[in-house]
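Below is one structure, written out as structure tokens; comments come after it.
The values are calculated or read from the model by the stated rules, or taken from the named source; none is laboratory data. Every value quoted in this text rests on a predicted model; they were computed, and no experiment measured them. As a convention, Cβ positions derive from the backbone with ideal geometry for all residues, glycine included, and neighbour counts pool all protein chains shown. Protein only, heavy atoms only, side chains kept; ligands, DNA and RNA dropped before computing areas. Shrake-Rupley method; radii C 1.70, N 1.55, O 1.52, S 1.80 Å.
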Amino acid sequence: MSAAASPFPEHLEITGEGLVLRDWTESDLDAMPALFDHPDIAYWTPIVSPFDAEAAGARLERSRRLRADGTAILLAITVDGGAPLGEVMLRRAPEGTELGYAVGPAHRGRGLAARAVRVMAGYAFGELGAEQVILELEAENHASVAVAGRAGFTRLDVPLITGTEKGRPFVLQTWGLARP
């Protein structure tokens, strides 16, 4: 964590747009495989695949470790603070405040990702003092590109990011949303 970054709160719940973004807990472990063990998530995200009970426990532990070291916040997307429907992530990185998301296949088509991104962006602006938040997306991931647009992000004129993840090459575009 940089000296300028303040630590994240130990517990966090953010509400808005009909959502409650909340900490992952042990009671979520059984639900996590149904959310994350899916070919789309395996292909488009760095989330481990296959995603089973062991992976759920490791993700919960990783979430807590990243929060404690001030690097990232991973929150469950819910409509009422109850059952998780997906995840939204805020990461402090050298290139800026980055958001990410994944919605379980059974919960797609309800605008959850775009709403969660807007709510988390509001938190980044209001609580963390971010001047801009970014999304890094593959252009071929049409669903994520649509989420970026619905959340108010625009593609930035910056160099593409290339790399390899899970044995396949990727090219990421950067999308941004400036502080209102």
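Here are the numbers for the structure shown:
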quantity	calculated
Single match in Thr154, Thr174, Thr164 (criterion: over 22 Å from Gly111 (Cα atoms) and out of contact with any helix residue (DSSP H, G or I) (no Cβ under 7 Å at 6 or more places or on another chain))	Thr164
Some residue of the stretch 42-51 being more than 15 Å from the chain's Cα centre (by Cα), farther than 23 Å from Ala121 by Cα and open to solvent by 80 Å² or more (accessible area, probe 1.4 Å)	yes
Selection within the stretch 55-70 - at positive phi and in a helix (DSSP H, G or I)	none
Those strands (runs of 3 or more DSSP E) lying entirely in the stretch 80-180 with at least 1 residues modelled with pLDDT of 95 or more, crowded, with 22+ Cβ neighbours inside 10 Å and of a type outside the set (Val, Ile, Thr)	86-93, 96-103, 132-138, 168-178
Candidate set: the stretch 52-72, residues that are open to solvent by less than 40 Å² (accessible area, probe 1.4 Å) and among the hydrophobic types (A, V, I, L, M, F, W, C); chosen: the one nearest to Glu127 (Cα to Cα)	Ala72
Per-region count, the stretch 7-41, residues open to solvent by less than 40 Å² (accessible area, probe 1.4 Å), in a loop (DSSP other than H, G, I, E, B) and of a type in the set (D, E, K, R)	0
